[in-house]
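Since the structure comes first, as structure tokens, the remarks are kept for the end.
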Amino acid sequence: MLVFDQLRKEDRKLRWIAVGVLFGLLILLGGLWQVQVFARKEYEQDLKVQAFRKVRVPSARGKILDRNGELLAENQPRFVVNLYLEDLRSIFRQQYNHTVTNATFLAEKGGKLTRADRSRLSADVRYQVVSNIVWQVSSMILPQPLVLQARAFSRHYNESLALPLPVLANLTPEQVALFMERGGENPGVQLEVQPVRHYPNESLAVHLLGYVQREIIHETDEEIAFEDKIPDLVGKAGLEAMFDAELRGTPGYRSILVNNLGYRHKEEIWSDPEPGLNLALTLDINVQKTAEAALRSTGANTRGAAVVLDVRNGDILAMASSPTFDPNQFLYGISHEAWAEINDPKLKPQLNRATHGAYAPGSVFKIVTGLAFLEADLVDPMQEIFAPGYYQLGRRRIDDLAPPGNYNFKNAFKKSSNFYFIEYGLRAGPQKIIEMGNRFHLGEKTGALSPRQEQAGYFPAVGQKYKKDGSRWLDGDTANLCIGQGELTLTPIQVAVMTAAIANGGKVFKPRLVTALLDEGQQTTVKKFPSEVVNDLQVSKANLDIVRAAMLADVEEKGGTGEKAYVPGMNVCGKTGTAQVRVAKGMDHITWFASFAPFEAPRYAVVVMIESGSSGGGTCAPMAREIYKTLQKIESGTAPLKRDQIAVLPSPLQRREN
Amino acid sequence: MFNTSIKEHHSRVEWQMIAALLLLMLIGVAFIYSASSANDAKSHLHIRQLIFYIVGIGAAVGVCLVPYHSWSRFATVIYWLCIVALIMVFLFGVERLGAKRWIKLGFFQFQPSEFAKLGVLCMLANYLSRPVDELRNPAIFMKSLALIALPFVLILKEPDLGSALVLFPVGLVIMFVAGVPLRYLWKFVGGVGILVVLLLVDILFAPPKWQIKLEEYQRYRLLVYFGKDFAPKDGTPEARERARKLQRDKSYNVQQALISVGSGGLTGKGWRQGTQNSLGYLPRAVAHNDFIFSVIAEEKGFMGSVIVVILYTVVLFTGIKIAGHARDRLGRLLAVGVVALLFSHVFINIGMNIRLMPVTGIPLPLLSYGGSSVLCSLIAIGILQNVYIYRRSY
């Protein structure tokens, strides 16, 4: 062979040359083997790092459905116009060359361009070209053409060149048509569709659903160095926040091959986004609608809350808070006016008053007081005592709206006699009442929503000798407690749970809002949330029946304070409450109506609370009546209900029909 | 008998070498096309290279027509013409990227340093083909060194350190084969070696004030090659940051060439599929000339690299064979000189693609784009073939 022939040469000097050459070539081969075979992975990695950008693609957010599969939150296609900068490179170059060859331009620069001049010029040219296109495209579609901000553009160019530049978002169908007609001629411009969160019922149940906002990507994020992110939507409140991870799903990844300047060259999909899970709620959209309409019946700015529970399992059929706001407006920049409106310091539309507002329960609490002294066996409910129309405690006189007269338990309850309940409450002593209140888990978060979205309110502990402010607990405080004033504040959801426990024979439920997480694609239930009993009151059935009968009388009998909640055929049982609270300018009223129905086989608990109402019976009871009417309609099948969609658990509202 | 022998020595060329060369030229055209068309569809650099090949082959055939001992009488003239051309570069040269290496001749720019390599080769071979006894005279050795040193200094001034340095291995190999006493050569090599080490130590480690003035870019290339941190240890953070950026910029070519070669893997990404080149990571200005090997290695992988190396091996070893068959000392020295010249180019160029060697502007014979380089390589091949053809022409 050629090589070995030379190595075996007689000629010593040429042999040395041959050895030298061979040695050199072997070194080269060794080096090549090292780089191309041995250390190949390392260089492939380097190549990837410099030439590939990982792009996170948000997945479609899961839907939120009511108990019958009605949509509460969904995704809608949104039309956007994007500009692909890599398609403009030849224009950039042309424009650049045009400017550079311009004699006057050169003369200005003294005939010679420094490196810095050149890079500044090319940045200027890019901005010019892009802002012209943005202006042209937007002038066809919008009445007022858009002006591209130089800083925004340079940020996009420097940080996410591989992604298209968003030009227009949220195009209406008319605008889409306009664009199709004339806008497509511009280079690099494309119309695209993005899914976006939509709440079809606008403000309905906004306090439960919450809202989403576009994610703000922090540059300090560690990941940012390796991937570009298309901003996702993040749940900011309510269920959207609580179940953000589940609703969001798994983002997909695309890899974009970029050239040495960072322009997109080719795209490749690594993984498709997996849509988020759907959230099935216990809510009934019709009940919710009625509850919200009822709250608004005294004006859009009525401050109040309404809760409807299924007393048999603690399901929340409706939870309304007023005033409300439209969660759709949070998505793409909220106006200052709207922002000021939803942050109104008095109306506090963002506050979920059902779980996050704690109020003095007023006479509604007489349910607990009554049950406490009945359980203490201190009173014959049939025995009448005389009430003078006030209660004299030492030097303090406590007003009583019930007229002077003789009262037994039922009459005292339905007329809401302060005298009667203070008299027996004092006899039983504060500990009995507090202990009874604790059995209802008053003053504790119920767990209806996430701990952040609920407050505990306040209820004293057994054996407590001091008040919140540190002063001693006196008889006057006990008297106040008996009529639901003073040392306690409750949230409407707590009152609802309490009322439901009375109705269902003593079971204190953890209110349930979410029944299941569903995988829509696979038609499976990923996770179920069973209803939970937190406590059993363990009170005698006889005493419960006495209270229930008194509640029925409050609505059904003439002269009951809850008369206005009367619904024929529904046998509503209720208790009104009007608590006096001290506010900056004098006194204000917190009015309540706590109720359940039907008397003989309770299924629903409805609690309505209105701030600054006139009275529980006058303001809240009629609202409860509207809710009961709707419930009645649903039970008789006259309310519109779609049943063809998935119902995760058999609905108690349907069960009756079957 | 007589007839056949005449016919024999006039018709026989070294076919193995020619086959290898044709394959190399084919590869050259294919990959210059790949390297240049990725960025510019209308590029016709490969066509130009093809024309250079044809012109070069013509020149090589021309060289072969006249027996080498006839034209070698003009070696001195050729040498001095080259020197004049180098001086011309100095006076009227065209400057590109801070280096004056080209002379413009109408539509054609040529690079005298390429031709100077051949000039020195012929001159030395001619000069040292005298009887061996005379070579013991140190004056002859000194004069040979001077013959190398003159173009060396001129080329160094362009500046083109790579081309200048190539003169030494070529000269040394010719002297070695000619029979210059080894002790002279060792002394010289040793002396130069010590000098180089001192120079490197100075450049790499000495404080700035003590450093020998080198061209900035040469200093950076050496720093990059030896993986030295550019950032001054006691510098301000901004100065260090600036130095780091400079380091990234300066080591960019080498780094990208390495990524190209390495990511080619065993079998490569396929012809015209190399992303390093098409996406512009491998700088466009050098992809088709100094770094053409990176393009080949990326697209054809280790297999492709090995094929290229094997083709050069065939050329080099047939060259050594030709040296062995040469009919006289002149032919032998010419052949050995050409082998040394080609080998230096191949080793330095491929070596710099895989960071075995610092980056220099040494082209890869026949594969790199460039008229002067192709022309000189093919003339060198012509010389080899000439020595082979006239090996028995008494």
Q) Got a number for the accessible area of A:Tyr390? Probe 1.4 Å, square angstrom, nearest 10. A) 70 Å²
Q) Can you list the HN-Hα couplings for the range A:127-140, worked out from phi with the Karplus curve (6.51, -1.76, 1.60; θ = phi - 60°), rounded to whole Hz and with x for Gly and Pro? A) 4, 4, 4, 5, 5, 4, 5, 4, 5, 4, 4, 6, 5, 6
Q | Integer Hz, Karplus 6.51/-1.76/1.60 couplings in order for the range B:191-198, x for Gly and Pro | A | x, 4, x, 4, 4, 5, 4, 4
Q) What does the accessible area of A:Phe330 come to, in Å² to the nearest 10, when a probe of 1.4 Å is used? A) 10 Å²
Q: Could you name the aspartates and glutamates whose alpha carbon sits less than 20 Å from that of A:Lys346, not counting residues in the same chain fewer than 8 places away?
A: A:Glu292, A:Asp326, A:Glu337, A:Glu454, A:Asp588, A:Glu611
Q: Report in % the part of the accessible area of chain A that belongs to carbon and sulfur, leaving out ligands and nucleic acids; probe 1.4 Å.
A: 52 percent
Q.
What does the charge count around A:Gly560 come to, taking other residues whose C-beta lies under 9 Å from its C-beta (Lys +1, Arg +1, Asp -1, Glu -1)?
A. -1
(Q) Can you give me the accessible area per residue for chain B, using a 1.4 Å probe, in Å²? (A) 44 Å²
Q: Quick one: which residues, 5+ away or cross-chain, put their amide H under 5 Å from the amide H of A:Gly252? H built at 1.01 Å from N.
A: A:Val57, A:Ser59, A:Glu274
Q | Rule-of-thumb Rg ratio for the range B:146-199 [Cα; 2.2 N^0.38 Å; N residues] | A | 1.18
Q: Just the number, please: buried accessible area between A and B, total of both chains, 1.4 angstrom probe, nearest 100 square angstrom.
A: 3600 Å²
**Q.** Whole-number Å³ per residue for the convex hull built on Cα positions in the protein assembly as shown
**A.** 261 Å³
Q: Straight distance only, please: which lysines reach the Cα of B:Lys100 with their own Cα at less than 29 Å, same-chain residues fewer than 8 apart left out?
A: A:Lys109, A:Lys112, B:Lys42, B:Lys117, B:Lys143, B:Lys157, B:Lys209, B:Lys213, B:Lys228, B:Lys245, B:Lys250
**Q.** Ranked order, B:Arg272, A:Arg427, A:Arg353, A:Arg439 - accessible area, probe 1.4 Å, largest first
**A.** A:Arg427, B:Arg272, A:Arg439, A:Arg353
Q: Could you list, in their original order, any pairs among A:Lys445/A:Lys468; A:Lys348/A:Lys629; A:Lys465/A:Lys585 whose Cα atoms are separated by more than 25 Å?
A: A:Lys348/A:Lys629; A:Lys465/A:Lys585
Q) Accessible area, 1.4 Å probe, largest first: how do B:Phe90, A:Phe509, B:Phe110 sort? A) B:Phe90, B:Phe110, A:Phe509
**Q.** Whole-Hz couplings from phi, Karplus 6.51/-1.76/1.60, listed for the range B:21-33; x for Gly and Pro
**A.** 5, 4, 4, 4, 5, 4, 4, x, 4, 4, 8, 5, 4
Q: Compute the long axis of helix B:138-156 from its Cα atoms, compare it with the longest principal axis of the Cα atoms of chain B, and write down the angle in degrees, 0 to 90, nearest 10.
A: 40 degrees
Q: Please compute the net charge surrounding A:Leu168, taking Lys and Arg as +1 and Asp and Glu as -1 over other residues with Cβ under 14 Å from its Cβ.
A: 0
Q. What figure in square angstrom, to the nearest 10, would you give for the accessible area of B:Ile148 with a 1.4 Å probe?
A. 0 Å²
Q: Would you please put A:554-564, A:398-408 in order of how densely packed they are, using the mean number of other Cβ atoms within 10 angstrom per residue and starting with the highest?
A: A:554-564, A:398-408
Q: Run through all the Cα pairs of the range A:509-558 and give the fraction in each 5 Å bin from 0, expressed as whole percent.
A: 5, 15, 12, 11, 12, 12, 10, 7, 8, 6, 2, 0
Q: Hey, can you grab everything whose amide H is under 5 Å from the amide H of A:Leu283? Only 5+ residues off in sequence or another chain; H modelled, so Pro and N-termini drop out.
A: A:Arg67
Q) What does the charge count near B:Phe343 come to, summing +1 for each Lys or Arg and -1 for each Asp or Glu among other residues with Cβ under 15 Å from its Cβ? A) +2
**Q.** Per-residue [θ]222 nm for chain B (sum of -39500 (n - 2.57) over DSSP H runs n ≥ 4, rounded to 500)
**A.** -23500 deg cm²/dmol
(Q) As a test of reading the structure, rank A:Phe413, B:Phe115 by solvent-accessible area (1.4 Å probe, protein chains only), most first. (A) B:Phe115, A:Phe413
Q. Non-local amide H neighbours of A:Glu532 (under 5 Å, H modeled in plane, Pro and chain starts lacking H): which ones?
A. A:Lys510
Q. Averaged per residue, what accessible area in Å² does chain A show with a 1.4 Å probe, protein chains only?
A. 46 Å²
(Q) Taking the 0 to 90 degree range and rounding to the nearest ten, how far is the long axis of helix A:150-159 tilted relative to the main principal axis of chain A, both from C-alpha atoms? (A) 70 degrees
**Q.** Positions from the range B:310-351 whose accessible area shrinks by 50 Å² or more when the full protein complex is built, not the chain alone, probe 1.4 Å
**A.** B:Phe317, B:Ile320, B:Arg332, B:Phe343, B:Phe347
**Q.** Principal-axis tilt of helix A:430-439 within chain A, Cα atoms, nearest 10 degrees
**A.** 40 degrees
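The values are calculated or read from the model by the stated rules, or taken from the named source; none is laboratory data. All values reported here derive from a predicted model rather than from experimental measurement. Glycine gets a Cβ as well: all are built from the backbone with ideal geometry, and neighbour counts include every protein chain shown. Heavy atoms of the whole protein, side chains included, go into the accessibility calculation; ligands, DNA and RNA do not. Shrake-Rupley method; radii C 1.70, N 1.55, O 1.52, S 1.80 Å.
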